[in-house]
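Working notes, beginning with the structure itself.
The values are calculated or read from the model by the stated rules, or taken from the named source; none is laboratory data. Just so we're clear, the structure is a prediction, and the values are computed from it rather than from any experiment. Reconstructed Cβ throughout: ideal geometry from the backbone, glycine too, with neighbour counts over all protein chains shown. Side chains included, ligands, DNA and RNA excluded: accessible areas come from the protein's heavy atoms. Shrake-Rupley method; radii C 1.70, N 1.55, O 1.52, S 1.80 Å.
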Amino acid sequence: MARLNTAKNIASPDDVYEMLIDLHRDCDEPESHRRNAKLILALANHVGDPEIIAEAVALARRSA
Amino acid sequence: MNDAPGRKSGGETRRARGDFSAIRIHKRFEPSPTPQSGARHPIVIVGGGPVGMTLALDLGRRGHEIVILNQYDFIADGSKAICFSKRTLDIWNRLGVGRAMVEKGVSWNVGKVFRGARKEPIFQFDMLAQKDQEMPGFINLQQYWAEEILVDAAAALPNIDFRWGHQVAAIDLAENRLSVITDDGEYDLRADWIIAADGSKSPMRAMLGLDFEGRVFEDNFLIADVRFKEERPSERWFWFDPPWGGSSALLHKQPDDVWRLDFQLGWNIDRDAAKNDENVAARVRGMIGADHPFEKVWYSVYTFQCRRMKRFVHDRVIFVGDSAHLVSPFGARGCNGGVADVDNLGWKLDAVMRGADPALIETYNEEAIITADENILNSTRSTDFITPKSAVSAAFRSAVLDLAENYEFARPFVNSGRLSVAVSYPASELTTPDEDRWSGGVPPGSPALDAPLDGGWLLSRLGWEWKLLAAAPIKNAPLPVVILDDEKARARYALDGAGAYLIRPDQYVAARWKAFDPKKLEAARWLG
């Protein structure tokens with residue numbers, strides 16, 4: 001059963017995208033990877049359900 | 001470009017108007033004669049582009065004497081603004097030139113975004129989500145055609161004194177005096193209000209030594225305007241990672257079988273080589289097909305900036321359009337932003353010249369800066385998406401484009417330019433926040449929405465002055481009332497019973513009430 005919400009769910013996508021890009025302003029690549037990892041861990045904790053996280057992991061692994 | 005006025009030379013030799021011989025000409029005009037020095041005018045507009053001309057028409061139609069100084073004695077050819085928004089068309093329609101623009105232009109509403117060789121778009125949008133409005137979502141029209149229509153309309157008004165080949169060489173701010181050079185002399189004139197509509201390099205801004213702050217983007221783009229015959233839908237088509245190479249490209253249809261092709265080139269390139277005919281032709285063939293014949297109209301390479309002045313109003317000198325703010329071209333927010341400026345300014349200047357508190361002009365400074373900041377924000381974000389500035393930013397872009405092919409949630413992140421729409425001013429001091437509970441309608445601080453009305457259109461009924469918009473007649477109304485005796489129109493405004501909207505002369509909603517009472521108008525203190 002698909003439970004990961006892949007429908008549009010963010011009212012202001014440009015605001016959110018800018019936050020994600022701004023997170024990496026003025027930092028080198030290893031630091032960028034670390035910040036992305038922290039962000040994913042925080043969001044995974046917020047989601048909580050391992051099945052949903054597993055679906056997101058599968059989505060990320062798929063090649064377009 | 002050579003926009004510099006003649007050098008001062010201690011007064012012993014006459015200064016010369018700038019040399020504009022490198023500019024290709026669309027249409028030449030007879031230079032206007034040189035008047036006597038010392039005249040005083042209520043309004044002088046410096047700059048005869050679409051923004052200055054729109055203001056001249058607005059104030060001219062309101063009955064004011066206007067002098068407009070154009071340093072050129074021609075309308076320039078070449079690739080400049082081409083996309084004019086619904087809001088700009090609504091404004092031009094109020095000024096009487098909207099239909100002419102739409103008739104000459106190519107109307108479009110839909111934009112499609114493609115990736116690589118995939119035939120189906122990964123994202124698309126509709127610029128006229130609300131149908132049944134007089135004007136289309138967008139038109140494409142070469143700037144010189146728009147200018148010609150504006151020039152013709154201005155020429156029909158005897159109170160607009162349009163001066164071709166009159167270049168401002170100096171300004172004396174204390175005296176509100178301008179020195180002007182023509183081909184056969186020099187003169188000076190004074191003005192109650194001076195409007196600087198003199199473009200991105202604004203000599204007025206330079207002469208006053210004013211600031212201009214913001215970002216310069218390190219990328220080059222190639223514009224190729226080419227002529228070929230083809231039946232394609234009139235839509236905006238954008239490619240990420242196009243199959244013929246490069247990282248993005250854009251296609252727009254213009255009148256007269258001219259197409260605007262726009263290619264991202266990257267930063268470290270040989271600009272001259274990029275625009276030589278052979279290299280451009282290779283890119284054009286990549287986009288339109290190897291065996292499709294085409295004819296060169298105009299090629300140029302451009303880069304861009306997102307900047308604005310700190311303030312647009314400096315005593316009696318008011319900056320509008322590109323002289324006050326610049327954006328990247330993604331989103332068609334340059335010329336449309338400038339037309340929004342003068343639409344905002346026109347009725348305020350009119351009111352002040354008829355005796356209103358000059359502090360009203362400060363609300364132009366406030367609202368035009370809100371507009372400029374929103375345009376700069378959107379065009380900066382688009383630019384950051386289209387031309388990522390770091391490896392991680394490029395990775396996010398690729399991830400969005402990968403996901404967008406299969407997942408709905410990723411598509412709204414795809415940013416090929418957020419196209420110009422009217423900016424709202426909910427927090428402006430001219431806006432009265434809702435005191436009632438509304439669901440739907442047009443919120444205070446937003447532009448009125450068009451709707452069919454009595455066999456015509458609502459916006460044309462709103463016109464030029466403060467108006468009330470109501471579902472039913474208002475007894476002893478303090479202002480002219482437009483009654484929405486049409487169900488569809490009432491629904492667009494969520495209006496019923498004794499409710500009413502107060503509409504500004506620029507057709508923005510100033511306030512609205514579920515139960516109108518003339519006492520409520522006291523809150524709108526600029527009503528005069």
Selection over the stretch B:107-143 where residues are in contact with a Gly (Cβ under 8 Å, 6 or more places away or on another chain) and of a type in the set (Phe, Trp, Tyr) yields a count of 2
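Yes or no, residue by residue, for (1) buried (at least 21 other Cβ atoms within 10 Å of the Cβ); (2) in a strand (DSSP E or B); (3) touching a residue at least 24 places away in the same chain (Cβ under 8 Å):
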site	(1), (2), (3)
B:180	yes, yes, yes
B:189	yes, yes, yes
B:192	no, yes, yes
B:200	no, no, yes
B:206	no, no, no
B:211	no, no, yes
B:217	no, yes, yes
Could you list, ordered by first residue, the pairs with Cβ atoms under 8 Å in which the first is in the stretch B:369-380 and touching a residue at least 60 places away in the same chain (Cβ under 8 Å) and part of a helix (DSSP H, G or I) and the second is among the small types (Gly, Ala, Ser) and crowded, with 18+ Cβ neighbours inside 10 Å, at least 6 apart or interchain?
B:372/B:324; B:372/B:337; B:379/B:328; B:379/B:331; B:379/B:417; B:380/B:328
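Out of B:351, B:399, which single residue is within 14 Å of another protein chain (Cβ to nearest Cβ), of a type outside the set (Ser, Thr, Tyr) and part of a helix (DSSP H, G or I)? I'd like the intermediate steps shown before the answer.
Working: B:351 fails: within 14 Å of another protein chain (Cβ to nearest Cβ).
Step by step, each of B:351, B:399 is checked, and only B:399 is within 14 Å of another protein chain (Cβ to nearest Cβ), of a type outside the set (Ser, Thr, Tyr) and part of a helix (DSSP H, G or I).
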Would you mind telling me which numbered condition in (1) more than 11 Å from every other protein chain (Cβ to nearest Cβ); (2) open to solvent by less than 40 Å² (accessible area, probe 1.4 Å); (3) within 30 Å of residue B:313 (Cα to Cα) residue B:373 fails?
(2)
Which one is nearest to the chain's Cα centre (by Cα), of the residues in the stretch B:227-247 that are surrounded by fewer than 22 Cβ atoms within 10 Å (Cβ to Cβ) and not in a loop (DSSP other than H, G, I, E, B)?
B:237
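When only residues in the stretch B:303-313 that are open to solvent by less than 40 Å² (accessible area, probe 1.4 Å) and outside any loop (DSSP other than H, G, I, E, B) count, which is farthest from residue B:277 (Cα to Cα)? Don't jump to the end; show me each part of the working.
Going through the stretch B:303-313, the residues open to solvent by less than 40 Å² (accessible area, probe 1.4 Å) turn out to be B:304, B:306, B:309, B:312-313.
Filter once more, keeping what is outside any loop (DSSP other than H, G, I, E, B): B:304, B:306, B:313.
Details: B:304: 23, B:306: 30, B:313: 44 Å.
Out of the qualifying residues, it is B:313.
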Criterion first (touching a helix residue (DSSP H, G or I) at 6+ places or on another chain (Cβ under 9 Å), among the polar types (S, T, N, Q) and farther than 30 Å from residue A:26 by Cβ) does residue B:371 satisfy it?
no
Expected output for the stretch B:295-320 (first residue touching a residue at least 24 places away in the same chain (Cβ under 8 Å), partner crowded, with 20+ Cβ neighbours inside 10 Å and basic (Lys, Arg), Cβ below 9 Å, 6+ apart or cross-chain) is B:309/B:205; B:319/B:205
Where residues in the stretch A:1-60 are of a type in the set (Lys, Arg) and more than 8 Å from chain B (Cβ to nearest Cβ), which of them is surrounded by the most Cβ atoms within 10 Å (Cβ to Cβ)?
A:35
Return the residues of the stretch B:163-206 that are of a type in the set (Lys, Arg) and at pLDDT below 95; say none if nothing qualifies.
B:201
Which strands (runs of 3 or more DSSP E) sit wholly inside the stretch B:406-510 and have at least 1 residues that are open to solvent by 10 Å² or more (accessible area, probe 1.4 Å) and away from every other protein chain (no Cβ under 14 Å)?
B:467-470, B:481-483
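Filter the stretch B:376-391 down to the residues that are crowded, with 21+ Cβ neighbours inside 10 Å and facing chain A (nearest Cβ under 7 Å), then identify the one that is farthest from residue B:43 (Cα to Cα). Step through it out loud before you land on a result.
Start the filter on the stretch B:376-391 by keeping residues that are crowded, with 21+ Cβ neighbours inside 10 Å, which leaves B:376, B:378-379, B:381-387.
After this cut, where a residue has to be facing chain A (nearest Cβ under 7 Å) as well, the list is B:381, B:384.
On the way: B:381: 37, B:384: 40 Å.
That would be B:384.
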